[in-house]
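See structure below.
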Amino acid sequence: MPIRGIPSLNAVASFTEPSSSGGKFDPDAARNAPLKDPAGNLSNVHFHSDFDYYELAYGPATVNVNHTALSGYTGPDIGIAQLELHLEGQQDIREYTLVTHNLGYVPRYFVAYNGSRLGNGQMVQNSGGFWRIVAPFATSSIIGLREWLASGSSSLAGVTRSYEVMVFANPSQTPSLPLMGFDGSDLVLGRGRIRSSKRYLRRVKAGESSFDINRDVTMDVTNGRIKIVSGGNAYTEPGYDGSFSGPSYVAVGGGW
């Protein structure tokens, strides 16, 4: 299982040689196929500098959001012919800033709620039929949270909810750095795409707090009601009568 870099490929990798044919530093040798074409030889690749290992630009960090109340509303009764309407409640859309990253581009990111990845349109408050639904979003400067909320004749109370945030930088190379070597005290690989002083997304070790990433669909709709299962945590809307059990997931964190 060599760790080998070939300058003409501008790549370094740890891999299992599929054969012993050809020179060790011949980019076209069969033994170097995993280095030259990692996507076509995934089963033999243990590490490759062309892969994106999700370098952390921010986090993991917990952000508390004070979701504000929405007052109730009771409108006048409206009679039209034989139809009478009674209006109650109101709805609103609001936005909150979770993180200001100022990366200058829209990054990849994860937001978790209750330790599991937050989906698009997840309910974080349901009280007497009044509700608050949230979804994360990203811009070139922030990671934000957008919420949809509804009250009835009575108010929807304000609540504080905690969210975990991880923001990832786009990997880049610096041509002057070595393909495999040191930059000061930092070990660098792939001309800086990987650096020992950086933190990267990885599976958690025993005893570490986790951030669960789902591996399949997280929401089911049955009987006009939803069930969301994320990281093994389930939210079931009253009236849901399906049998959705949720996806498998991977417990990850951001560390060395």
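Descriptive notes on the structure:
- For region 56-99, the tally of residues that are at pLDDT 85 or above, surrounded by 12 or more Cβ atoms within 10 Å (Cβ to Cβ) and in a loop (DSSP other than H, G, I, E, B) stands at 4.
- Residues in region 21-29 include at least one that is surrounded by fewer than 16 Cβ atoms within 10 Å (Cβ to Cβ), touching a residue at least 12 places away in the same chain (Cβ under 8 Å) and more than 23 Å from Gln173 (Cα to Cα).
- So Arg117, is it under 22 Å from the mean Cα position of the chain (by Cα) and of a type in the set (Lys, Arg): yes
- Looking only at region 106-120, and only at residues there that are modelled with pLDDT of 90 or more and either outside any strand (DSSP E or B) or on the phi > 0 side of the Ramachandran plot (or both), the one that is surrounded by the most Cβ atoms within 10 Å (Cβ to Cβ): Pro107
- Counted as qualifying within region 149-256 are the strands (runs of 3 or more DSSP E) with 1 or more residues that are touching a residue at least 40 places away in the same chain (Cβ under 8 Å), over 26 Å from Thr97 (Cβ atoms) and within 20 Å of the chain's Cα centre (by Cα), namely 200-203, 249-255.
- For region 11-20, the set of residues classified as assigned to a loop (DSSP other than H, G, I, E, B) and surrounded by 15 or more Cβ atoms within 10 Å (Cβ to Cβ) consists of Glu17 only.
- Whenever a residue of region 116-134 is more than 14 Å from Trp148 (Cα to Cα), its partners that are β-branched (Val, Ile, Thr) and assigned to a strand (DSSP E or B), lying with C-beta atoms within less than 6 angstrom and at least six residues away or across chains, give the pairs Arg117/Ile213; Leu118/Val111.
- Filtered residue count, region 202-239, keeping only those that are surrounded by 17 or more Cβ atoms within 10 Å (Cβ to Cβ) and at pLDDT 90 or above: 1
- Residues that are in contact with a Gly (Cβ under 9 Å, 6 or more places away or on another chain) and in a strand (DSSP E or B) do not occur anywhere in region 27-44.
- Check on Arg191, modelled with pLDDT of 90 or more and among the basic types (Lys, Arg): yes
The values are calculated or read from the model by the stated rules, or taken from the named source; none is laboratory data. What you see is a predicted model, and the numbers here were worked out from it, not measured in a lab. Glycine gets a Cβ as well: all are built from the backbone with ideal geometry, and neighbour counts include every protein chain shown.
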